[in-house]
1. Within the stretch 31-44, identify whether any single residue is surrounded by 12 or more Cβ atoms within 10 Å (Cβ to Cβ) and touching a residue at least 24 places away in the same chain (Cβ under 8 Å), and answer yes or no.
2. Between a first residue in the stretch 12-29 that is closer than 22 Å to Leu47 by Cα and of a type in the set (S, T, N, Q) and a second residue that is open to solvent by less than 80 Å² (accessible area, probe 1.4 Å) and assigned to a helix (DSSP H, G or I), which pairs have beta carbons less than 9 Å apart while being 6 or more apart in sequence or on different chains?
3. Return yes when Tyr35 is among the hydroxyl-bearing types (Ser, Thr, Tyr) and under 30 Å from Ser70 (Cβ atoms) and no when it is not.
4. Please count how many residues of the stretch 132-145 are buried (at least 16 other Cβ atoms within 10 Å of the Cβ) and either part of a helix (DSSP H, G or I) or at pLDDT below 90 (or both).
5. Condition check: free of Cβ contacts under 8 Å to residues at least 12 places away in the same chain and surrounded by 12 or more Cβ atoms within 10 Å (Cβ to Cβ). Does Asp75 satisfy that?
6. For the stretch 54-61, state whether one or more residues are surrounded by 14 or more Cβ atoms within 10 Å (Cβ to Cβ), without any contact (Cβ under 8 Å) to a residue 40 or more places away in the chain and closer than 30 Å to Asp124 by Cβ.
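The values are calculated or read from the model by the stated rules, or taken from the named source; none is laboratory data. Owing to the predicted nature of the structure, the values given are computational and were not obtained by experimental measurement. We place every Cβ from the backbone using ideal geometry, glycine too, and count neighbours over all the protein chains shown. For accessibility, only protein heavy atoms count, side chains too; no ligands or nucleic acids. Shrake-Rupley method; radii C 1.70, N 1.55, O 1.52, S 1.80 Å.
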Amino acid sequence: MAVQFEETHRYLDKESFTILMIALAATDVFMLVCYAVGWVEELWMPLLVIGVSAVGLLLGFLLRLRVTVSEEGFDVRFFIRTLRYPRKRILDVKKGDIDILRDYSGWGHGTKVRYRTYAVPGIDNAVSVKLGGKEVVTITTERPDELYELIYAMRRQD
């Protein structure tokens, strides 16, 4: 499986992640002060807040969107889940602004079309792929032309 295209983005950029860390740390310190002063009498409450903060930081660090295109099709990985889309399912492709492509320009309104959008904040360019089985996948990317050309070349011709 030779990879023709690969792009990975963190869901939170460096500044957003820093703000998240500061806010969660301030919350933890506040809870510890409340426990020390006696406003919170049970130790499990500050420990619960600290645990939730740790999980939030871990999620903020691990959330990534990865798009890979190979000869067999394309894969989208968000966090720990990878979805594979074989090339035989690709019917059509569009590129443009994420706000326009999110519902594939109105295709399938009134029917049971499943839309999946994989978007990273701050990236407005997207590629939207219409798949067999009434499914549309929209992916934000910084290189929309390259991704569009590769997936367009894979689409079904029948």
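1. Initially, the stretch 31-44 is screened for residues surrounded by 12 or more Cβ atoms within 10 Å (Cβ to Cβ), giving 31-35, 40.
Checking the rest, the ones that are also touching a residue at least 24 places away in the same chain (Cβ under 8 Å) come to none.
Scanning the stretch 31-44, I find no residue that is surrounded by 12 or more Cβ atoms within 10 Å (Cβ to Cβ) and touching a residue at least 24 places away in the same chain (Cβ under 8 Å), so the answer is no.
2. Pairs that qualify, where the first residue is closer than 22 Å to Leu47 by Cα and of a type in the set (S, T, N, Q) and the partner is open to solvent by less than 80 Å² (accessible area, probe 1.4 Å) and assigned to a helix (DSSP H, G or I), are Thr27/Val49; Thr27/Ile50; Thr27/Ser53.
3. Values: among the hydroxyl-bearing types (Ser, Thr, Tyr): yes; under 30 Å from Ser70 (Cβ atoms): no.
It is false that Tyr35 is among the hydroxyl-bearing types (Ser, Thr, Tyr) and under 30 Å from Ser70 (Cβ atoms).
4. Going through the stretch 132-145, the residues buried (at least 16 other Cβ atoms within 10 Å of the Cβ) turn out to be 135-141, 144.
Still in the running and either part of a helix (DSSP H, G or I) or at pLDDT below 90 (or both): 135-136, 144.
Residues that pass the stated criteria total 3.
5. Values: free of Cβ contacts under 8 Å to residues at least 12 places away in the same chain: yes; surrounded by 12 or more Cβ atoms within 10 Å (Cβ to Cβ): yes.
Criteria met by Asp75.
6. Here is the first cut: in the stretch 54-61, the ones surrounded by 14 or more Cβ atoms within 10 Å (Cβ to Cβ) are 56-57, 60-61.
Within this subset, residues satisfying the condition of being without any contact (Cβ under 8 Å) to a residue 40 or more places away in the chain are 56-57.
Those left that are additionally closer than 30 Å to Asp124 by Cβ: 56-57.
Yes - at least one qualifying residue is present in the stretch 54-61.
Here is a yes/no grid of residues against (1) closer than 30 Å to Tyr152 by Cβ; (2) surrounded by fewer than 15 Cβ atoms within 10 Å (Cβ to Cβ); (3) of a type in the set (Val, Ile, Thr):
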position: Leu24; (1), (2), (3): no, no, no
position: Val49; (1), (2), (3): no, no, yes
position: Leu65; (1), (2), (3): yes, no, no
position: Thr68; (1), (2), (3): yes, no, yes
position: Glu71; (1), (2), (3): yes, yes, no
